[in-house]
Each structure stands twice: as structure tokens, then as C-alpha cells.
Amino acid sequence: MPAPSDVPLALIGYPVSAARALRERGLLALPVPDEELPAVLDACRTLGFAGALVHPSREVAVAGQVEADPAARRVGRVDALAFTGGVHGTYALADALTDAVEASGYAARGADALLLGTGADLARALPLVRLGFGNVGIVADSYPEAERFARDLPANVRAFPVARRDSALASLADRADLVVLTGGSLPPGLLQPYHTLVDLTGQATPGSSGASGLDLSGLPALRLVRQLLHATGQRYRPEDLSGLVTALA
């Protein structure tokens, strides 16, 4: 791990035990109040905090108070802050999901993907298109919503927006190799034995359909790597953070 730092890291919404666990790994971390956020964030800048980690319960509230990057704005959540020239927020989970799929060895290049969610949570899966998928289905609660997310994809990505209740969804799913569920539920009968499922909800059961599930056990550590990089500028190895992931859960 990087050398211990004497620049404090703020913890928004986390208990004292989380700060203790971070300090044991060489990071000076201090819990700060999670109410009156504008005043708290201003105080963190004044006191010289490097950045902050944001508990999931406070991600939406913090997003409305900071300068969020594009990924964070799409999801409407912020999970890490940097106090450098302002208060800059990111949503590390989106890119960490790409890291997890890449680390799994899944052969994404040239495969077809179906990204299915409800509301802003669908944006968590959009960075996956960087892995080189051929065709990408974007499934949202309504066609205009799906089309809006499709417009956020690079121009070279062949995106097909569709609503959850659209009859075209079945044929789009038939052509997909990877199915990514970011929110809501899977329509009955959508999963087939040849599909691989990435489930961010923890509610889907790929086994009953014969589909396989992608192992996301490394996702929390990969997310924390990106959170700490944004908040502190230091790069950690996922294998060094396993104990911290538990403490910050």
C-alpha cells in the first residue's frame, strides 16, 4: 500500500469504526457531520481535507451540493469527493463495474450487451461500452428515457433503446450475450441459458434459467480503489483493501 498520509480524509455518513479501520491502513480519516452539507463541505476545504468518502445513504444528498463529473450527474449520486480547487464529486461504482467485468476475463469485445434498469440507476452500466461490445440494448421504463441514455453513449457504439414493456425487447434479448441488471426486476423469460448475467440488485436468480452469473465479489474493493484515488490521489491495490471493504459496508 502507499505510504501513510497525514492529510485527513473526511467520512460522510460513516461511523467511527470506519475511520479507525482506515487509520489502521495508514489513512488519517475522520467522520464529519452529514447534515448541513454545504457548511460541512466548506469546513472540510478550509481545514485542508484531501477528499471524502460518501456513505451510500448520503450519495444523493451530496450530489446536489457539489460539482459532479458526468458519470455522477447521470446517476444523480456521488460516492467520493476531492477538495482541490472546489468540491469535485464522482461516482466510482460506474467505472469499478467496468473494472470488475474486465478482471473477470469476460470476452466483451464483439459481444452484444443488454443494459436493463429503472430510472437513473441505468447510468451505472454505461461505462461498460468501453469494453468493445458490438450492439448494446438500452432498456428503461419508457422509450424516451432509454433514448436519453443511448444519446450518452459514444457515437461509434450501436445502441438500441427500448422500453421494458416493448415487444421488441424479447428479440433484442435473444441476440444479447451479456445482460446487465442495474435496477428493477428481470422480465419473466428474458434470461436464456446462453446469457451471462451481471446483477447489481442482488435479486435476480440466473441459475433457474440456466444462465450463468458473473462473479462480482471483487467489485466493492475495485470501487474503493477508485474512490480513494479520487479522494486522495493515491492508488491502492484491490487485494490490500479487503478488510476495509468490510469496515465500510
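The values are calculated or read from the model by the stated rules, or taken from the named source; none is laboratory data. What you are looking at is a predicted structure, and each value in this text was computed from that prediction instead of being measured. Virtual Cβ from ideal backbone geometry, glycine too; neighbours counted across all protein chains shown. Surface accessibility is based on the protein's heavy atoms, side chains included, excluding ligands, DNA and RNA. Shrake-Rupley method; radii C 1.70, N 1.55, O 1.52, S 1.80 Å.
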For segment 1-91, shape from the Cα gyration tensor axes a ≥ b ≥ c, cut at a/c of 1.5 then a/b versus b/c, turns out prolate
Karplus ³J(HN,Hα) for segment 185-194 (6.51 cos²θ - 1.76 cosθ + 1.60, θ = phi - 60°; Hz, whole; x = Gly/Pro) runs 10, 7, x, x, x, 6, 6, 10, x, 8
Rounded to whole Å², per residue accessible area for segment 87-243 with a 1.4 Å probe reads 43
For S185 and D42, extending 7 Å from Cα along the Cα-Cβ vector and measuring point to point gives, in nm, a value of 4.7
Heavy-atom accessible area of H230, protein chains in place, probe 1.4 angstrom, given in Å² to nearest 10, is 60
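Leaving out ligands, DNA and RNA, what percent of the accessible area of the chain is carbon and sulfur, probe 1.4 Å?
Working: 5740 of 11190 Å².
With neighbouring chains kept in place, the figure for the chain is 51 percent.
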Simple spin-label estimate for V60/R151, 7 Å along Cα→Cβ, in nm, reads 2.4
A correct Karplus calculation of ³J(HN,Hα) over segment 150-159, with 6.51 cos²θ - 1.76 cosθ + 1.60, θ = phi - 60°, whole Hz and x for Gly and Pro, returns 4, 5, 7, 7, x, 4, 7, 8, 7, 9
Counting only DSSP beta bridges fully inside the chain, the antiparallel percentage to nearest 5 is 15
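Between D6 and R158, take the C-beta separation as r, use R0 = 41 Å, and let me know the FRET efficiency to the nearest 0.05.
0.25
First measure r as the distance between the Cβ atoms of E239 and S167, then evaluate 1/(1 + (r/R0)^6) with R0 = 45 Å and state the FRET efficiency to the nearest 0.05. Spell out each step's value before the answer.
Details: r = 46 Å, r/R0 = 1.03.
With R0 = 45 Å, the Cβ-Cβ based efficiency is 0.45.
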For segment 137-144, in residue order, the Karplus 3J(HN,Hα) values (coefficients 6.51, -1.76, 1.60; θ = phi - 60°; whole Hz; Gly and Pro = x) are x, 10, 10, 10, 5, 9, 5, x
Using the Kirkwood radius over Cα pairs of the chain, the Stokes-Einstein translational diffusion coefficient at 37 °C and 0.692 mPa s, in µm²/s and rounded to a whole number, is 173
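Looking at the chain, which longest stretch skips every one of the GluC sites (Glu not before Pro) that is in a DSSP loop with at most 12 other Cβ atoms within 10 Å, leaving the sites themselves out? Could you put the intermediate results ahead of the total?
On the way: sites that count: E35, E36.
Result, exposed sites excluded: 37-249.
Go ahead and estimate [θ] at 222 nm for the chain from helices alone: -39,500 (n - 2.57) per DSSP H run with n ≥ 4, summed, over the residue count, rounded to 500. Let's see the in-between values first.
Details: 9 runs with 79 residues, N = 249.
Calculated at 222 nm, the ellipticity per residue is -9000 deg cm²/dmol.
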Note: T205 to Q192 extended length (0.36 nm per residue) minus current alpha-carbon separation gives 3.5 nm
